[in-house]
Amino acid sequence: MKAVILAGGLGTRLREETEFRPKPMVEIGGQPILWHIMKIFSHYDVNEFVVCIGYRGDVIKDYFANYETRSNDFTVRLGATKEIEFHDAHLESDWRVTLVDTGQETMTGGRVKRVQPYVVDERCLVTYGDGLADVDISALLAFHARHGRLATMTTVRPLTRFGVVDLDEDGKVRRFREKPQTDEYVNGGFFVFEPKVLEHYLGPDSVLEQEPLEALAKDGELMAYRHEGVWQPMDTYREFTMLNELWLSGHAPWKVWDE
């Protein structure tokens, strides 16, 4: 099974970090957030990836083209026939990564549609290149298999940005709650799609979160997997800083892998 990762957007709300690189290449603890997402999938033995690139896609291409030299000690023999001998085996050696240029301005649904030739006739996972979670991918796939519909969307309850003050009827403050979870579920990515979703519900100009998902819901073909664990997008510089602080603390909740 392949994981399709949307990594082509402009990331304008994180302009401090995305002026010269796409948002999925913004680093958390020295590695791009894209790498962290792939490590989550790999922990559940999903090691084939199709990355939808667009804005500054050359940065992502260069990262993977040079991954071996970035990740290993090596000896290079210079000369007319340059030889490189790698001395280590990194833990991503079994990854197979396909990079697909899906355009600068293409919408999310259109990007997934454009990679259809690389996921022909097979179930696939789809997620965003800027959101981390401790989603149990095995449980997600088992849920999808049980309900038998065409699509599953992982839903999450995000934390509010601000603390909440609970009041009684006459205005007396009863308690403070620091950034509690909301009661409403939102789209957290980590989709599972059957081939018919890409064939019949996605078009070259579609916005995944609008017409395709609405049509799937109307047809009774969209189910929600409720994830009650950690989910955190990286939309702002505040969130970028917070994710790095969590990683440096040694308590990054999305780090489900060992090394």
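The values are calculated or read from the model by the stated rules, or taken from the named source; none is laboratory data. All figures in this text were calculated on a predicted structure; none of them were measured in a lab. Here Cβ is always computed from backbone atoms with ideal geometry, including for glycine, and neighbour counts include all displayed protein chains.
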Residue match in segment 37-45 (condition: surrounded by fewer than 16 Cβ atoms within 10 Å (Cβ to Cβ), in contact with a Ser or Thr (Cβ under 9 Å, 6 or more places away or on another chain) and among the hydroxyl-bearing types (Ser, Thr, Tyr)): no
Hits in segment 102-127 (condition: of a type in the set (D, E, K, R) and under 15 Å from Glu48 (Cβ atoms)): Asp121, Glu122, Arg123
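Name every residue in segment 19-33 that is surrounded by 18 or more Cβ atoms within 10 Å (Cβ to Cβ) and out of contact with any Phe, Trp or Tyr (no Cβ under 8 Å at 6 or more places or on another chain), in order of residue number. Full working, then the answer.
Filtering segment 19-33 for residues surrounded by 18 or more Cβ atoms within 10 Å (Cβ to Cβ) gives 21-26, 28, 32-33.
Once the filter is applied, which keeps residues that are surrounded by 18 or more Cβ atoms within 10 Å (Cβ to Cβ) and out of contact with any Phe, Trp or Tyr (no Cβ under 8 Å at 6 or more places or on another chain), segment 19-33 yields Arg21, Lys23, Pro24, Ile33.
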Unmet criterion (only one of (1) in contact with a strand residue (DSSP E or B) (Cβ under 7 Å, 6 or more places away or on another chain); (2) closer than 24 Å to Ala252 by Cβ; (3) at pLDDT 95 or above; (4) buried (at least 21 other Cβ atoms within 10 Å of the Cβ)) for Ile137: (1)
Residues located in segment 89-146, provided they are basic (Lys, Arg) and not in a loop (DSSP other than H, G, I, E, B): Arg96, Arg111, Lys113, Arg114, Arg146
The listed residue being farther than 24 Å from Leu14 by Cβ, in a helix (DSSP H, G or I) and modelled with pLDDT under 95, out of Thr75, Thr81, Thr69: Thr69
